[in-house]
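A short worksheet on the structure shown next.
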Amino acid sequence: MPAASPPPAPNPTWECHLHLTNNPRAPRIARRTIRTALLDYNCSLELADTAELLTSELVSNAVKHSDGPVTVRLRTRAGVVRIGVMDDHPELPAPLPCTPDDDFGRGLYLVDTLADSWGRYPITAPSRTPGWKVVWFELAADHW
């Protein structure tokens, strides 16, 4: 019986979109979806763990500070995973100074510390969603 051949290498460029209702369940759904997608594309457990944590932080912020739906976009290209979270709150967030004793305010601190790069930008006209914003982060992908 011949040995099973390994699955073909994934296309190094792929993406998925997740559209969520502004609901307390949204961060959990986003975490599970991002983790599953990355592991199914043979990303390392460490990369999936970090992406899951940072996505959860950004989606939690979006649910807390916006009134409308939240969109998560996971996109890869050679060597990089980029995740962006879009919501209808126009204010561009900045990391808060925090201490280990703080009960809140650590989300963007974690993104700033753990992501290889991150940023935020407003959505402007002629977009279908002017006045919205995107907060994104990138992680080096270790399997491509």
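The values are calculated or read from the model by the stated rules, or taken from the named source; none is laboratory data. Every value quoted in this text rests on a predicted model; they were computed, and no experiment measured them. When we count neighbours, we look across all protein chains shown, and the Cβ atoms used for this are built from the backbone with ideal geometry, even at glycine. Quick note on the areas: whole protein, heavy atoms, side chains included, nothing else; ligands and nucleic acids left out. Shrake-Rupley method; radii C 1.70, N 1.55, O 1.52, S 1.80 Å.
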Restricting attention to the alpha-carbon atoms of region 24-122, what are Rg (one decimal) and Dmax (integer), both in Å? 13.4, 39
Nitroxide proxy distance, nm - points 7 Å out along Cα→Cβ at residue 75 and residue 23: 2.7 nm
Suppose R0 equals 22 Å. What FRET efficiency, 1/(1 + (r/R0)^6) with r the Cβ-Cβ distance, do residue 65 and residue 128 give to the nearest 0.05? 0.60
Considering only protein heavy atoms and a probe of 1.4 Å, how much of the accessible area of region 35-79 is carbon and sulfur, as a whole percent? 45 percent
Could you state the principal axis extents of the C-alpha atoms in region 20-78, from the largest down, to the nearest angstrom? 35, 18, 14
I'd like the accessible area for residue 35: 1.4 Å probe, protein heavy atoms, all chains in place, Å² to the nearest 10. 60 Å²
Less than 12 Å Cβ to Cβ from residue 25, Lys/Arg counted +1 and Asp/Glu -1: what total charge do the surrounding residues give? +3
Based on the Cβ-Cβ distance from residue 92 to residue 45, what FRET efficiency comes out when R0 is 30 Å, to the nearest 0.05? 0.40
Probe of 1.4 angstrom, ligands and nucleic acids ignored: what's the accessible area per residue over region 22-144, in square angstrom? 55 Å²
